[in-house]
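Taken together, the values in this text are just the output of simple stated rules run on the coordinates, not laboratory data. In this text the structure is predicted, and so the values were computed from the model without any measurement. Please note: Cβ atoms are built from the backbone with ideal geometry, for glycine as well, and neighbour counts cover all protein chains shown.
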Amino acid sequence: MELSDEQLKQNLQQVQERIRAACQRAGRDPADVHLLAVSKTKPVHDIEVLRDAGQTMFGENYVQEIRTKYEALGDSVEWHMIGHLQRNKVKYIIDKVKLIHAVDTVHLAEQIEKEAAKAGVIMPVLMEVNYAREETKWGFLPEEAPEAARAISALPHVRLQGLMTSAPFTEDPESNRGYFAGMRQLAASIQDLQLPNVTMNTLSMGMTRDFEVAVEEGATIVRVGTAVFGERDYPNPDKGNGNAGI
Ligand SMILES: *Cc1c(COP(=O)(O)O)cnc(C)c1O
């Protein structure tokens, strides 16, 4: 389904307004919460419309799609890789993305280290946590996260800056509130380890169905696709998990 330019801009404004309202309810500064517009499967034109309306951060799940869109738009927007990332694909995005959200194994972090060193960059990353322990999802279990953070902290070209999660798909966003609160506590407990090169300033959580609850519980980046761009045309196999990287 393609939306008109006007509809896109209106959606953007409405989502921003809902973020502001959630901040107000929670006594948070709206400047601390960033909207990542998830543009996977959506055309370059839609990204341009939103960019020209002031949106800077865009999230993509598939390496090939980032490469194509990067060719068209370059660094005129900030690209975030939010999907499951295969190790042999790291080299294609290392010099294009601002943040890799879904580091789900120490092995992947080590590959990022290798490619970042080669490219002469320092790569900011988040660790993906499967907080609700869903069998279909990638990510560290919460109890694995502190040791993984310790291992990642030893990689000189990688900067662990926080945690990311995709909460269960649900009709009732309130049912995810406890997971979001748990994520915030987990980040605080990793912060307390005072690992070198590790900060826990970023919490990437909340999608179209539950971003307001996520903001109320401490999200600093919400990843919103459908509410901004409209429904995606392809059948979403897992309703929002990072699924297979192409
Ligand atoms: C697709 C996707 C989103 C956005 O999902 P919506 O429900 O359309 O807002 C957020 N995060 C990840 C990891 C995704 O794959």
Amide H neighbours of Val158 under 5 Å, at least 5 residues apart or on other chains, H built in the peptide plane: list them. Met123
Do you know the relative contact order of region 1-73, to the nearest whole percent, from alpha carbon pairs under 8 angstrom that are 6+ apart? 32 percent
Just need the relative contact order of the chain here, percent rounded to a whole number, with Cα pairs under 8 Å and 6+ apart. 23 percent
Mean Cα-pair separation over length for region 103-209, i.e. relative contact order, pairs under 8 Å, 6 or more apart, %: 29 percent
Calculate, in nm to one decimal, what Glu134 and Met1 gain on full extension: separation in residues at 0.36 nm each, minus their alpha carbon distance. 44.9 nm
Residue by residue through region 196-210, which ³J(HN,Hα) values in whole Hz follow from phi under the Karplus form 6.51 cos²θ - 1.76 cosθ + 1.60 (θ = phi - 60°), with glycine and proline marked x? x, 6, 10, 10, 10, 7, 10, 10, 9, 7, x, 10, 3, 7, 9
So how long is each side of region 1-123 along the principal axes, counting just the alpha-carbon atoms, biggest first, in Å? 41, 35, 24
Taking only the alpha-carbon positions of the chain as identical scatterers, the Debye log10 I(q)/I(0) at q = 0.10, 0.12, 0.14, 0.17 Å⁻¹ comes out as -0.43, -0.64, -0.89, -1.35
For the table Lys40/Lys89; Lys98/Lys118; Lys40/Lys118; Lys9/Lys89; Lys42/Lys118, the rows whose alpha-carbon distance is greater than 26 Å are Lys40/Lys118; Lys9/Lys89; Lys42/Lys118
The local net charge around Phe180, scoring Lys/Arg +1 and Asp/Glu -1 for residues other than Phe180 whose Cβ lies under 12 Å from its Cβ, equals -3
